[in-house]
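> The structure is given below, and queries will be raised subsequently.
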Amino acid sequence: MSPEEIKELRLRLGLSQQALSELIGVGLCTVNRWERGHKRPQRMAQRKLEELAGKARKAPKLGD
């Protein structure tokens with residue numbers, strides 16, 4: 001996932017960086033680095049992000 005996709009996913013889920021970090025099991029600084037493009041998620045975190053993305057696709061967008 002690109003930094004933009006990670007941030008878009010987080011916002012779509014209505015999560016703060018802190019909440020996403022707790023959900024994924026990483027530190028807040030890690031999520032921040034992903035969104036700024038300074039680091040990429042490791043395999044386990046990438047899988048969790050992809051699972052969340054799949055769930056987000058099935059859920060209606062906020063305001064719908």
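The values are calculated or read from the model by the stated rules, or taken from the named source; none is laboratory data. None of the values given here were measured: they were computed from a predicted structure. Positions of Cβ are backbone-derived with ideal geometry, glycine not excepted, and every protein chain shown enters the neighbour counts. Please note that ligands, DNA and RNA were not included when accessible areas were found on the heavy atoms of the full protein model with its side chains. Shrake-Rupley method; radii C 1.70, N 1.55, O 1.52, S 1.80 Å.
> Is it true that GLU8 is acidic (Asp, Glu) and within 9 Å of the chain's Cα centre (by Cα)?
Here the answer is yes, as GLU8 does meet what is asked.
> Hey, could you check the stretch 31-42 for residues that are of a type outside the set (Phe, Trp, Tyr) and part of a helix (DSSP H, G or I) and say which is surrounded by the most Cβ atoms within 10 Å (Cβ to Cβ)?
Quick first cut of the stretch 31-42, residues of a type outside the set (Phe, Trp, Tyr) only: 31-33, 35-42.
Applying the additional criterion that residues be part of a helix (DSSP H, G or I) yields 31-33, 35-36.
Details: VAL31: 26, ASN32: 14, ARG33: 16, GLU35: 19, ARG36: 10.
Taking the candidates together, the pick is VAL31.
> Scanning for something touching a Lys or Arg at 6+ places or on another chain (Cβ under 8 Å) and of a type outside the set (A, V, I, L, M, F, W, C), does the stretch 25-32 turn up at least one residue? Give the derivation first.
Let us first name the residues in the stretch 25-32 that are touching a Lys or Arg at 6+ places or on another chain (Cβ under 8 Å), namely 25, 30-31.
With of a type outside the set (A, V, I, L, M, F, W, C) added as a condition, the list becomes 25, 30.
Yes, because at least one residue in the stretch 25-32 is touching a Lys or Arg at 6+ places or on another chain (Cβ under 8 Å) and of a type outside the set (A, V, I, L, M, F, W, C).
> Could you give every pair whose Cβ atoms fall below 6 Å, whose first residue belongs to the stretch 1-21 and is under 18 Å from GLY54 (Cβ atoms), and whose second residue is β-branched (Val, Ile, Thr), counting only separations of at least 6 or pairs across chains?
Close Cβ pairs (under 6 Å, with a partner that is β-branched (Val, Ile, Thr)) amount to LEU20/VAL31.
> Conditions first: (1) under 10 Å from the mean Cα position of the chain (by Cα); (2) in a helix (DSSP H, G or I); (3) not small (Gly, Ala, Ser). MET1 passes all but one, so which condition is the exception?
(2)
> Further question: Quick check: anything in the stretch 43-62 among the polar types (S, T, N, Q), assigned to a loop (DSSP other than H, G, I, E, B), at pLDDT 95 or above and open to solvent by less than 100 Å² (accessible area, probe 1.4 Å)?
The initial filter retains those residues of the stretch 43-62 that are among the polar types (S, T, N, Q), namely 46.
If we keep only those that are assigned to a loop (DSSP other than H, G, I, E, B) too, we end up with none.
Taking every residue of the stretch 43-62 in turn, none turns out to be among the polar types (S, T, N, Q), assigned to a loop (DSSP other than H, G, I, E, B), at pLDDT 95 or above and open to solvent by less than 100 Å² (accessible area, probe 1.4 Å).
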